[in-house]
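Just below is one structure, and these are the notes that go with it.
The values are calculated or read from the model by the stated rules, or taken from the named source; none is laboratory data. Every value quoted in this text rests on a predicted model; they were computed, and no experiment measured them. FYI the Cβ positions are ideal-geometry reconstructions off the backbone, even for glycines, and counts take in every protein chain you see.
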Amino acid sequence: MLLRSLFARKKQIDASPKLRRIMDMTVPNRPVSNETRGDNRYNRSLPALVCPWDGRSPRVDAHVVGVVQDLSDGGMSVLFQDAPKHKEYLVTLFLSNEEGAEIFQFICEVRDARKFAGNWVLVGFLVTSCADLANIPVADRATLDALAHEQLISQ
């Protein structure tokens, strides 16, 4: 069990530089409130394509689009129109700038969900690892790529 826990922690640590790159490539919207937290949070507004994750592949047919509210070294908060129904998700973020475009994909666990008026829900995700989609079925990967292009890139 300890070895499994250490392996999971290593995956989280490996994802941290990618989260840091997203923070460095984007501009904050406004200063974060004076919350007392154990980690630094960086306010960013980014589109996110979110699919339930079954442990091996995304459930692309159940995708939703959300808006990232903030990022940290170990997670993110994403605003949705409906409450999450699953424990794990594949979260895809797309960034473009003068240098080009990058897609970032993370496997995330739901840690917190707060409801707001209008059926909006702010979901706190813990990034458990960077997504390795090389082993998912080709059809799912193609559908995911098409969705990412349609929902995130072509806007």
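Among strands (runs of 3 or more DSSP E) entirely within the range 63-129, having at least 2 residues that are over 23 Å from SER16 (Cα atoms) singles out 100-115. Remark: pairs (first residue in the range 76-89, free of Cβ contacts under 8 Å to residues at least 60 places away in the same chain and of a type in the set (Lys, Arg); second residue assigned to a strand (DSSP E or B) and surrounded by 14 or more Cβ atoms within 10 Å (Cβ to Cβ); Cβ separation under 7 Å; 6+ apart in sequence or on different chains) = LYS87/GLU109; LYS87/VAL110.
In the range 8-22, the count of residues that are surrounded by 12 or more Cβ atoms within 10 Å (Cβ to Cβ), assigned to a strand (DSSP E or B) and either in contact with a helix residue (DSSP H, G or I) (Cβ under 9 Å, 6 or more places away or on another chain) or at pLDDT 80 or above (or both) is zero. Of all residues in the range 73-93, those satisfying the criterion of being surrounded by fewer than 20 Cβ atoms within 10 Å (Cβ to Cβ) and under 18 Å from SER129 (Cα atoms) are ASP73, GLY74, HIS86, LYS87, GLU88.
Out of the range 82-112, which residues are of a type in the set (A, V, I, L, M) and closer than 16 Å to VAL65 by Cα? So that I can check it myself, show each step before the final result.
First pass over the range 82-112, keeping only residues of a type in the set (A, V, I, L, M): 83, 90-91, 93, 95, 101, 103, 107, 110.
Within the range 82-112, ALA83, LEU90, VAL91, LEU93, LEU95, ILE103, ILE107, VAL110 meet the criteria.
Only one of the listed residues (GLU109, GLU102) is under 16 Å from the mean Cα position of the chain (by Cα) and modelled with pLDDT under 90. That residue is GLU102. Evaluating GLY75 against the criteria (1) in contact with a helix residue (DSSP H, G or I) (Cβ under 9 Å, 6 or more places away or on another chain); (2) farther than 23 Å from ASN40 by Cα; (3) not acidic (Asp, Glu) leaves one unmet condition, (2).
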